[in-house]
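Take a look at the structure set out below.
Values quoted throughout were computed directly from the atomic coordinates according to the rules given, and no laboratory measurement underlies them. Computed from a prediction, not measured in an experiment: that's the story for all the values here. Cβ atoms come from the backbone with ideal geometry, glycine included; neighbour counts cover every protein chain shown.
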Amino acid sequence: MDKGKLIDFTQRLVRQASPSSQEGAVTQIAVDEMNRLGFDRVWVDENGSAVGVVEGANPGPTLLFDAHTDTVGIAPGSIWTRNPLRAEIEGPYIYGRGVADMKSALAAMVHASGSVDKSKLAGRVVVSASVMEEVYEGGALKTVMDEARPDFVVIGEASELNLVRGGRGRAEVHLETIGRPSHSSSPHLGINAIHLMMKVIEAVDNIQMGEHPLLGPGVLALTDILSEPYPAYSVIPARCKATYDRRLLPGETVEGVLADITTLPELKDINFSAKIAEEEHQAYTGKVLKAYKFFPAWELEENHPFVQKALSGLRAAGLDPDLRAYRFCTNAAYSIGVAGVSTIGFGPGAESDAHMVDERIRLDDLEKAAMGYKGIIETVCTSPASTSTMTLRKF
Ligand SMILES: [Zn+2]
C-alpha cells in the first residue's frame with residue numbers, strides 16, 4: 001500500500017463536499033479510485049452508493065466493508081480554524097469535514113482491498129461507499145447488501161482502531177395528545193392538549209431505562225414539542241406533539257418500546273398515542289427511501305468466530321485493539337440488527353471526533369486503519385480448502 005496515494009485519495013474525498021443526498025461527486029471519486037486500483041467490478045446503485053468488488057482466486061466468504069460518504073454540514077456560527085474543505089495537513093493531523101466521519105475509513109478500505117493478493121484470496125471483498133447514513137442509518141446499505149449478499153460486514157465508523165462488537169440502536173418516538181378546542185376566553189369548555197402533554201411528559205420522563213454492560217444505559221430524551229394550531233390565536237390547542245429520541249439496548253423491540261409508554265398506569269385516562277416516526281429521504285439519484293425510524297441495537301459475542309478472526313487479523317497487522325461498543329447508531333443497525341449478518345466495527349478516529357469543529361484524524365491512524373482492514377481480509381477470506389492445500393505443500 002502506498003501511504004502517499006492513500007493520503008492523496010483521502011484529501012480528494014474531503015475536498016468534495018458531500019452532505020446527505022448530495023454525494024454524487026464524491027461517489028464518482030470513489031468509483032474512479034476503485035477502477036484505478038483494479039477492482040473487478042464497480043458500479044453505482046439506484047441510491048447512488050458506489051460498490052466495488054475484488055474477486056479472490058479461490059472460493060470463500062463475501063466480506064463487505066461499509067463506509068458512508070455523506071457528512072453533516074457546518075453548523076452556522078461554528079468557527080473552524082481551518083477551511084473544512086481544504087483537507088489541510090498540519091503536524092500529525094489531516095483536517096476537514098468528514099475526515100473522521102468517515103472519509104478516511106473509506107479511503108483506507110478502498111486501498112486495503114485494492115492491495116490484496118487476489119491469488120491468495122478466498123471469496124471476495126466488497127467495498128460500499130454508501131449514501132445518506134447521517135439521515136437514515138442502514139437505508140442505503142440495505143440496497144448494497146441485497147446485491148452483494150455478504151457473509152460478514154465491517155462498519156468503518158470511528159473506533160480509535162479498536163474492535164467494536166456491539167452498538168446501541170436508536171428510535172424516534174412520536175407522541176400526540178388529543179384535547180378539545182375552545183375559545184381561550186372560555187378555556188373550561190375545551191381540553192388543553194398541552195396540559196395533557198405535560199402530564200404525559202412527566203410520566204414518560206420517569207420511565208427507568210435498562211443498562212447493558214457493554215453498551216451502557218438506554219436513553220429516552222425529549223427533543224421537541226409542538227402544539228396545534230401554532231401559533232394559536234385565542235384558541236385552546238386541540239393537539240400537541242412531542243418527539244423522544246430513544247437509544248436502544250439489545251433485545252428491545254418496537255412493541256416493547258411503545259408499550260413502556262402506552263401502558264403507564266398514570267396515563268390511562270389521557271387521550272394520547274405513541275408511534276415510531278416515519279420519514280422519506282430522496283437520494284441524489286432521485287430514488288426515495290422510506291425510513292421507519294427504529295434501528296435495533298446489536299451485539300456479537302466476544303468468542304464469536306468473526307470477532308476472533310478479525311482480532312487476530314488486526315494483531316497480525318501490528319495493532320493492539322480492545323473490544324468495544326459504539327454508543328451512537330450506525331449502519332450496523334441494519335446489517336446485523338435487521339439483516340442478521342455478523343458485523344463488527346473498526347475505524348480510525350474517535351466517536352468524539354465526529355461532527356466536530358476542526359474535525360481531524362492522525363495520518364498514522366489512517367495508515368494503521370488500512371493495515372487493519374487488510375489484516376481482517378487476510379484472516380477472514382481464507383477457505384479451509386486453501387489452508388489444507390498449504391498444509392499439504394508443507395509436507
Ligand atoms: Zn458516521
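Of note:
- Note on region 72-119: residues that are surrounded by 13 or more Cβ atoms within 10 Å (Cβ to Cβ), more than 16 Å from the ligand (Cβ to nearest atom) and not in a loop (DSSP other than H, G, I, E, B) amount to 10.
- Unmet requirement for Arg315, which otherwise passes all of (1) under 24 Å from Val144 (Cα atoms); (2) part of a helix (DSSP H, G or I): (1)
- Residue selected from region 150-160 under the condition within 16 Å of the ligand (Cβ to nearest atom) and part of a loop (DSSP other than H, G, I, E, B), by the criterion nearest to Arg41 (Cα to Cα): Gly156
- When residues in region 40-74 are screened for being closer than 23 Å to Arg15 by Cα and over 20 Å from the mean Cα position of the chain (by Cα), 2 of them pass.
Yes/no matrix, rows are residues, columns are (1) within 14 Å of the ligand (Cβ to nearest atom); (2) touching a residue at least 60 places away in the same chain (Cβ under 8 Å):
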| residue | (1), (2) |
| --- | --- |
| Asn303 | no, no |
| Arg315 | no, yes |
| Asp322 | no, yes |
| Arg327 | yes, yes |
| Gly340 | no, no |
| Phe346 | yes, yes |
| Asp353 | yes, yes |
| Glu359 | yes, yes |
| Ile377 | no, yes |
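- Cβ-Cβ distances below 7 Å connect the following pairs, each with a first residue in region 246-263 that is in contact (Cβ under 8 Å) with a residue 40 or more places away in the chain, a second residue that is assigned to a helix (DSSP H, G or I), and a separation of six or more residues or different chains: Arg246/Val257; Ile261/Val204.
- Selection within region 199-238 - in a loop (DSSP other than H, G, I, E, B), more than 30 Å from Arg165 (Cβ to Cβ) and either among the acidic types (Asp, Glu) or in contact (Cβ under 8 Å) with a residue 40 or more places away in the chain (or both): Asp205, Ala232, Ser234, Ile236, Pro237, Ala238
- Test: residue in region 141-149 that is closer than 28 Å to Thr285 by Cβ and either without any contact (Cβ under 8 Å) to a residue 12 or more places away in the chain or within 14 Å of the ligand (Cβ to nearest atom) (or both): yes
- Residue-level analysis places Leu64 outside the set of residues that are in contact with a Lys or Arg (Cβ under 8 Å, 6 or more places away or on another chain), under 30 Å from Val338 (Cα atoms) and away from the ligand (no atom under 14 Å from the Cβ).
- Residue check for Tyr292: in contact (Cβ under 8 Å) with a residue 60 or more places away in the chain, hydroxyl-bearing (Ser, Thr, Tyr) and either surrounded by fewer than 24 Cβ atoms within 10 Å (Cβ to Cβ) or farther than 30 Å from Thr81 by Cβ (or both): no
- Selection count where residues are assigned to a strand (DSSP E or B) and either over 30 Å from Gly138 (Cβ atoms) or hydrophobic (A, V, I, L, M, F, W, C) (or both), scope region 161-194: 10
- Scan of region 30-65 for residues that are hydrophobic (A, V, I, L, M, F, W, C) and surrounded by fewer than 21 Cβ atoms within 10 Å (Cβ to Cβ), ordered by number: Val31, Leu37, Val42, Trp43, Val44, Val53, Ala57
Residue-by-condition table, conditions (1) in contact with a His (Cβ under 7 Å, 6 or more places away or on another chain); (2) under 26 Å from Pro150 (Cβ atoms):
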site	(1), (2)
Asp66	no, yes
Asp70	no, yes
Ile74	no, no
Met109	no, yes
Val116	no, yes
Leu121	no, yes
Ser128	no, yes
Glu133	yes, yes
